[in-house]
Amino acid sequence: MNRAAQRYIDTLQRNDIKVKETFETSDGQTVVKCGWNLSSTKIDVLVAFPEDCKYAAIRCFNFASVPKDRLGHALIVCNELNKKYKWVKFYVDDDGDMTAEDDAIIDAETCGDECY
């Protein structure tokens, strides 16, 4: 596990956020999966830290499921969110789930709080 991932896990644990899983990918990234319970839904968050610890790839899944007959409306919502939040990309994936992702340049020493 690289030091950026460990700093992130330490921050999650200090804030009582349960880490569901950690694993290493074939290209050397450490991926941390945790779950967030929000007032109206639960989301899974995956954060991938490459070996060089220069960025974090943050992905949020399953926070909204879009029925096929509401896809047009969901895409309008995604467009509005993409206009409002410049550093996060929102889209509806192939399974009809709303997804958010962000790639952030980080400092391995301070990334725990940055990614939290």
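The values are calculated or read from the model by the stated rules, or taken from the named source; none is laboratory data. Quantities reported herein were computed from a predicted structural model and do not represent experimental measurements. In this analysis, Cβ positions are derived from the backbone assuming ideal geometry, glycine residues included, and neighbour counts consider all displayed protein chains. Accessible surface areas use protein heavy atoms only, side chains included; no ligands, DNA or RNA. Shrake-Rupley method; radii C 1.70, N 1.55, O 1.52, S 1.80 Å.
Data overview
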{"item": "Solvent-accessible area per residue, Å², over segment 29-106 with all protein chains present [probe radius 1.4 Å]", "result": "63"}
{"item": "Charged-residue dipole, Cβ positions (Lys, Arg, Asp, Glu), the chain about Cα centre, Debye nearest 20", "result": "420"}
{"item": "Projected label distance in nm at residue 75 and residue 10, using a 7 Å step from Cα toward the beta-carbon", "result": "4.6"}
{"item": "Rel. contact order, % - alpha carbon contacts under 8 angstrom, at least six apart, the chain", "result": "28"}
{"item": "Of all accessible heavy-atom area on segment 12-116, the percent that carbon and sulfur account for (1.4 Å)", "result": "51"}
{"item": "Cα-based reach from residue 89 at 23 Å (exclusive), listing lysines while leaving out same-chain residues under 8 positions away", "result": "33, 42, 54, 68"}
{"item": "Net charge of neighbours whose Cβ lies under 13 Å from the Cβ of residue 98, counting Lys and Arg as +1 and Asp and Glu as -1", "result": "-4"}
{"item": "Helix axis angle, 3-14 relative to the chain longest principal axis, alpha carbon, degrees", "result": "70"}
{"item": "Charge dipole of segment 67-116 about the Cα centre (unit charges at C-beta), most positive-ward option of 87, 67, 115", "result": "67"}
{"item": "Residues of segment 50-71 with amide N under 13 Å of the 7 Å Cα→Cβ point at residue 93", "result": "58-66"}
